[in-house]
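Just so it is clear, none of the values below were taken in a lab; they were calculated from the coordinates. Just so you know, these numbers come straight off a predicted model, no measurement behind them. With ideal geometry, Cβ positions are generated from the backbone for all residues, glycine too; neighbour counts draw on all protein chains shown.
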């Protein structure tokens, strides 16, 4: 329940950071900082004995995870739990431990079925509910996403990640008009099936559209196919 594996030396996340940095030292590595993959209940947050969100314990876990990732070589950490105060806890802890240059890039997560394949593979479906309370409602996200962006920036965020983007390109445009920090468009696991149907050239066109909409960077499951298509077009 307390996600102790998230902080164990040499766990899978830390080993992955180490592997990537050894193989490609100049590659920028960004990591997810969230409890959902590490708790036995699948929640983003730690819970009290009566199953309420334990905010202080969650802040401590997120901060400790972020520092562990940064010490292993992560260049950017991405607090994913949509709990106000998380970004500030992570930013302050990194600064206090001599890592002010590590970027903090929290998520603006819109509730969607497009997270399904990832949650199934990682076993992060919560035992109760559907995590909807920690994500923005799609029906009113046009207003909420700007408010949440301002909160994250006030807490010390250096950049912002929007997910998903297949059904939220309009929100990406709104964010680009609203903020001046880097924006990351995260094409989530459930979008990949649609992208496969487009084929490699269609994938390139789709991701080019995200750049036009305002993305500075794109996280995508189709990275290999897009890179291959771009290389072939040179």
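Among 101, 54, a tally of other beta-carbon atoms within 10 Å of each Cβ gives an order, fewest to most, of 101, 54. Take the Cβ atoms of residue 137 and residue 196, set R0 to 30 Å, and the FRET efficiency comes out at 0.55. Extension gain for the segment residue 223 to residue 151, taken as residue separation times 0.36 nm less the Cα-Cα distance, is 22.9 nm to one decimal. Between residue 99 and residue 28, full extension at 0.36 nm per residue minus the direct alpha carbon distance yields a gain of 24.0 nm. When each of the peptides 175-188, 16-29, 219-232 is scored by how many other beta carbons lie within 10 Å of its residues on average, the order from highest to lowest is 175-188, 219-232, 16-29. Here the extension length gained between residue 21 and residue 173 equals 51.4 nm, from 0.36 nm per residue of separation less the Cα-Cα distance. Based on C-alpha pairs under 8 angstrom that are at least 6 apart in sequence, the stretch 140-234 has a relative contact order of 28 percent.
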